[in-house]
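The structure appears below as structure tokens.
The values are calculated or read from the model by the stated rules, or taken from the named source; none is laboratory data. Just so you know, these numbers come straight off a predicted model, no measurement behind them. Heads up, the Cβs are rebuilt from the backbone with ideal geometry, glycines too, and the neighbour counts pull from every protein chain shown.
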Amino acid sequence: MSTLAHVLEEAGLATIALGIVRGQLESTAPPRGLFVDFPLGRPLGKPGDAEFQHRVLAHAFSMLERTEPGIEVFDEAIPDEGGLMACPIPPRAEGDEHPAVAEARGLRPAYDRAIAQYGEKIGAFRLFGPDEVPAAIATFAAVADGAPWKEAGIPGIPARVVQDIRGYYEAAALALSDHVPAAFEATRWFQHETEAGKAILGARKQMEAQGAKQGLWQYLVSGAASD
């Protein structure tokens, strides 16, 4: 981002870079940088709080008046409190499906409600869409039950597949909860409270035991939400 900022500045376009990791912002030295001490993924701070977000943007745009390069610090920090989202999961259908697969199907109405309320941007997928989530979860459940991970049919790089699954669950959680979750609350809920999260954690252990490269199993869980 900082490199691109320099390229744009050389072309005559003024830039401001918002950075959440201070050391990275300082080491890459954008022409103008605003350090915001917010949780990763939330560069404007508080979801649903337009007044707060406008304050962040106002500070950022005020930096266009700088005649010398430099980094400034936004005047309010948002710590990660380490909380766990309270989110009731709809009853899943009885049958022969793995509990995680049935759970994902049961969450589809909530996912659709969240998309209708907040827009497609909160349900962005990299590899597949919401219709494919149950089948993707089934591959991790199979690995958790002992299937060789290379033969389970995981539809892409495992960590990226999990990102799509987690995004589906976190979008559904918005429709099931009575508040916008704080940073990583929904991710912790997914990893520790859902059948899908349990299946993925089980698959992670199996992949490690089966000798998969560390980079393939290590990032199946979010480090920020592992506590």
task = Name the one entry in R92, R105 that is under 20 Å from T194 (Cβ atoms), basic (K, R) and assigned to a loop (DSSP other than H, G, I, E, B).
result = R92
key: First in region 113-135 and in the same structural domain as A199 (by TED's automatic domain parsing) and acidic (D, E), second anywhere and surrounded by 11 or more Cβ atoms within 10 Å (Cβ to Cβ) and at pLDDT 80 or above, Cβ under 8 Å, 6 or more apart   = E132/P155
remark   = All conditions in (1) in a helix (DSSP H, G or I); (2) out of contact with any strand residue (DSSP E or B) (no Cβ under 9 Å at 6 or more places or on another chain) are true of A5 except (2)
inquiry  = Can you tell me which of (1) modelled with pLDDT under 95; (2) at negative phi is the one G95 doesn't meet?
reply    = (2)
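Just for strands (runs of 3 or more DSSP E) wholly inside region 12-82: which have at least 3 residues that are modelled with pLDDT of 85 or more and not aliphatic (A, V, I, L, M)?
Numbers: elements: 17-19, 32-35, 70-73.
By residue number, 32-35.
For every residue, the table says whether it meets (1) surrounded by fewer than 16 Cβ atoms within 10 Å (Cβ to Cβ); (2) over 25 Å from F184 (Cβ atoms).
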site: E9; (1), (2): yes, yes
site: A14; (1), (2): yes, yes
site: L18; (1), (2): no, no
site: G33; (1), (2): no, no
site: F52; (1), (2): yes, no
site: A60; (1), (2): no, no
site: V73; (1), (2): yes, no
query = Any idea how many residues of region 127-138 are touching a Phe, Trp or Tyr at 6+ places or on another chain (Cβ under 9 Å) and either of a type in the set (F, W, Y) or crowded, with 22+ Cβ neighbours inside 10 Å (or both)?
reply = 2
